[in-house]
1. When all alpha-carbon pairs of the range B:201-280 are counted, what percent fall beyond 18 Å?
2. Roughly what would the spin-label model give for residue A:186 and residue B:116, points 7 Å off Cα along C-beta, in nm?
3. Just checking the output field for A:92-100: average partner chain Cβ neighbours within 10 Å of each residue's Cβ?
4. For chain A, I need the span (max minus min coordinate) of the C-alpha atoms along each principal axis, in Å, sorted largest to smallest.
5. What distance in nm separates the simple spin-label points at residue B:135 and residue A:130, each placed 7 Å from Cα in the Cβ direction?
6. Which trypsin sites (Lys or Arg not before Pro) does the range B:216-295 hold that lie in a coil by DSSP with at most 15 other beta carbons within 10 Å?
7. Rounded to the nearest 500 deg cm²/dmol, what is the calculated helix-only ellipticity per residue at 222 nm for chain B, with -39500 (n - 2.57) per DSSP H run of length n ≥ 4?
8. How fast does the range A:56-123 diffuse by Stokes-Einstein, in µm²/s, taking the Kirkwood radius from C-alpha pairs at 25 °C and 0.890 mPa s?
Amino acid sequence: MTDTMLHVAGLNAGYGAVQVLHDIAFDVARGGVTTLIGANGAGKTTIMKVLAGLLAPMSGTVTFDGADLLRLASHDRVNGGVSLIPEGRMVFPGMSVEQNLRLGAIAPAARAGHDEALQDVFRRFPKLKERRAQLAGLLSGGEQQMLALGRGLMARPRLILMDEPTLGLAPVMVKQVFATIAELRAAGFTILLAEQNATVALELADRAYLLENGRIVQAGTGPELLGSDDVRRAYLGM
Amino acid sequence: MDTLLSGQLLFAALVSGSLYALVALGLNLVYGTLRLLNIAHGDLVMIGAYTAFGAFSLFHLPPVISVFLAAAVCAGLGWAVYEGLFRRLLANPTLAKRVEANSLILFYGISVILQNVVAMTFTASSRGYQYLDTVITWGGVSMTGNRLLTLIVASAVCFGTLLFLRHTLFGWSLRAVIERREAAQVVGVNLNRVQLITICAGFAAAGVAGTLVSMTEQITPFMGFPFTIVAFVVIIVGGLGNIGAGVLAGFCLGLVETYGIALTSPGYRSILIYGLFVAVLLIRPEGVFSKAVRS
Ligand SMILES: Nc1ncnc2c1ncn2[C@@H]1O[C@H](COP(=O)(O)OP(=O)(O)OP(=O)(O)O)[C@@H](O)[C@H]1O
Ligand SMILES: [Mg+2]
């Protein structure tokens, strides 16, 4: 029996009058990696925005551990244990690495364990410790991604939403990001990962959904989707 | 030449500089966090001035006490404007996109209302009162107590605010909203709360400035506009939304104005202020003191 942490059903969303997501439904099981794969413009970021409370959907339900997530404001979702690592990293460029991280723990629920969480992030990403006093805007792309990950972890999330964490990174950094994701899963975090890097994402995924033009067109385990002809043709170039 | 090097002139420059810094501080906070162009900002200075004047003439309350009243009145206006108007406009993404341009018109309306309400209550004639206006001489510099008080209070509020932004978690979250609004939401900053507190604080700063002005100058219901202009010059010179640089730019404007007039004549005041403004727009449109750190 898998235990569902996040349940999404009948989700429609868009920007202004333009509908982007159509009747999206998927589940995220506790303690694993669930991945959303899809081409540019498929709607991955839009789903993440709805889940994080940055975009109000047109209709649909989202429950997190049985509670209605859509009724909560974005900061209450963070406080409740849902943390987004946004596409494009979105660090605070004019603030130091350490300030960025400490801001990650601004949710009341995370504030108490704040110093401990910081040490944990520094252990995971020693580079950030070295650079703790440096302005975040001066970090390299890979370092900024580490910072975005660390900042998300500072909130002590139960569910981590990662939107294309490997976007624009060099192959060696991509490897490192996936290694980090595997570590986080081993540490018991639940992760929803949106990726264009389909092969690696599917190898890692316990469960995967294929998104096309705002619709979920296939679902299965990672290996199942890896073996699917559609996926191979469309995303893996095979 | 002697006058140029005198402590007298420096004192005068610091007094007006600190006042400009304080007026601009409030405008910059509101622009930085809410992206609202508050052209009624100078009218809040006027409201603060009339609050202090009213408290003095009706209840014999000295400005050192009425300054808190003025801050509270303006903060209350900030609350009303946010809850009544902007909360909903900013929460709706489509409306929020246009709110910066629309805020100009909305605040113009607020400006007209404030001026007329005060003109109807106090009449349009100029008002004033005397407080700490005896001259004291200190280290060879002659000054009135009220100007010294202006310098002390305005500087204390400015630098206190900067320390607050630098060293408190709330200050950091405010800076996070200024730098990247959406990212601030992502980390769990309560946007609504930060916006409300900031608009109240920004308006209150104008109220404090107005109280200080009322001690040394005649006040009228229409005194606000020049303060609005000066505040915009200061925050554009410093860099929009860059709070520390705005404070520095306020003091610089005071220095440029005072020393410029001493070198030329009072008739050149506007030319100096607008000249500095245009020069900055041409040479460094992002602001003189802004650090170019963007990821
Ligand atoms: N702010 C916006 N306003 C209007 N349309 C948008 C906006 N953001 C995205 N869209 C549109 O919504 C659709 C889905 O975009 P989304 O960003 O969710 O895709 P994605 O799967 O994350 O793509 P990518 O892999 O490029 O990040 C696209 O057609 C895009 O043009
Ligand atoms: Mg995307």
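The values are calculated or read from the model by the stated rules, or taken from the named source; none is laboratory data. Computed from a predicted model, the values in this text were never measured in an experiment. Positions of Cβ are backbone-derived with ideal geometry, glycine not excepted, and every protein chain shown enters the neighbour counts. Keep in mind that these areas ignore ligands, DNA and RNA; they rest on the heavy atoms of the full protein, side chains included. Shrake-Rupley method; radii C 1.70, N 1.55, O 1.52, S 1.80 Å.
1. 48 percent
2. In this crude spin-label approximation the distance works out to 7.2 nm.
3. 5
4. Result for chain A: principal-axis Cα extents of 47, 41, 39 Å.
5. 6.5 nm
6. Within the range B:216-295, the qualifying trypsin sites (Lys or Arg not before Pro) (loop, at most 15 other Cβ atoms within 10 Å) are B:291, B:294.
7. Mean residue ellipticity at 222 nm (helix-derived): -25500 deg cm²/dmol.
8. Answer from the Stokes-Einstein relation: 177 µm²/s.
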